[in-house]
Amino acid sequence: KVSLGPLDLEESEQYLSVLLGVDRIETETLRRWSDSCGGNSYALTVLALASDRSGRLRRSRGTAWVAADVDEVPTELADAVAGNSTAEEWETLEMVAIAEPVLESALLREFDATCLHSLFERGLVVSRSMPDGSSALVIAHPLLAAALRAGMPPLRRIELHERVFDALDRDRGTVNPVHLPERLMRLVVFGLEGERILPFDWLW
């Protein structure tokens, strides 16, 4: 419940060096981890310890690193969140992780307001400004979003993609999405992932 702002690169290196018992973290690894975790200290801890436990972490002459080609999303992060969430909160997190960035009001109406409020309070879901000035709902930390998606059973992924597609498709009414490029792209992506048969002109 203690709120800490994101750690910058220097703070992240100091924190991780103490955690892993080394003098420094290799620059590429540090930057990759910091970007993945959004500077969140808890996410950094889970990522570093999971890498160490799995044997992916290497140490030499006081420096620790993980090669980019063996970096993996630790399921421990999602497991820790799952253990502290209700079934409804977990379902909401999964939906946001699949659909982010959630811009459409049709998708926002799919979420339970009480669950969303709780997830906002816990800092797991945030509203983020988009380049066009609009606001979108996203998982607070990229690493958590990746962990949620990576740990999702295939059938659950298909189910969620179908649910997103159906909500967006209902919302368009009789409007042909070919004239709405952003909506069309979303419909095609979720339709294909949900194994739907799509109109040829959409795909074209």
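Only one entry of Glu89, Glu110, Glu104 meets the criterion of being touching a residue at least 24 places away in the same chain (Cβ under 8 Å), buried (at least 18 other Cβ atoms within 10 Å of the Cβ), among the charged types (D, E, K, R) and within 19 Å of Asp169 (Cα to Cα), and that entry is Glu104. If only residues of region 18-71 that are within 23 Å of Gly123 (Cα to Cα) and assigned to a loop (DSSP other than H, G, I, E, B) are counted, the one that is least open to solvent (accessible area, probe 1.4 Å) is Gly39. Among the residues of region 160-194, those that are of a type in the set (D, E, K, R) and either in contact with a strand residue (DSSP E or B) (Cβ under 8 Å, 6 or more places away or on another chain) or buried (at least 16 other Cβ atoms within 10 Å of the Cβ) (or both) comprise Glu162, Arg163, Asp166, Asp169, Arg183, Arg186, Glu193.
Test Glu88 against the stated conditions and say whether it is part of a helix (DSSP H, G or I), farther than 24 Å from Arg157 by Cβ and modelled with pLDDT of 85 or more. Can you show your working first?
Numbers: part of a helix (DSSP H, G or I): yes; farther than 24 Å from Arg157 by Cβ: no; modelled with pLDDT of 85 or more: yes.
So Glu88 fails the test.
Residues in region 113-132 that are crowded, with 17+ Cβ neighbours inside 10 Å and either among the basic types (Lys, Arg) or assigned to a loop (DSSP other than H, G, I, E, B) (or both): 1 in all. Once region 5-14 is narrowed to residues that are outside any loop (DSSP other than H, G, I, E, B) and open to solvent by 90 Å² or more (accessible area, probe 1.4 Å), the residue that is farthest from Ala48 (Cα to Cα) is Glu10.
If you go through region 133-143 one residue at a time, do you hit one that is in contact (Cβ under 8 Å) with a residue 12 or more places away in the chain, over 26 Å from Ala87 (Cα atoms), surrounded by 14 or more Cβ atoms within 10 Å (Cβ to Cβ) and of a type in the set (Val, Ile, Thr)? So far as region 133-143 goes, no, none of its residues is in contact (Cβ under 8 Å) with a residue 12 or more places away in the chain, over 26 Å from Ala87 (Cα atoms), surrounded by 14 or more Cβ atoms within 10 Å (Cβ to Cβ) and of a type in the set (Val, Ile, Thr).
The values are calculated or read from the model by the stated rules, or taken from the named source; none is laboratory data. Note that the structure is a prediction, hence the values are computed from the model and not measured. With ideal geometry, Cβ positions are generated from the backbone for all residues, glycine too; neighbour counts draw on all protein chains shown. Keep in mind that these areas ignore ligands, DNA and RNA; they rest on the heavy atoms of the full protein, side chains included. Shrake-Rupley method; radii C 1.70, N 1.55, O 1.52, S 1.80 Å.
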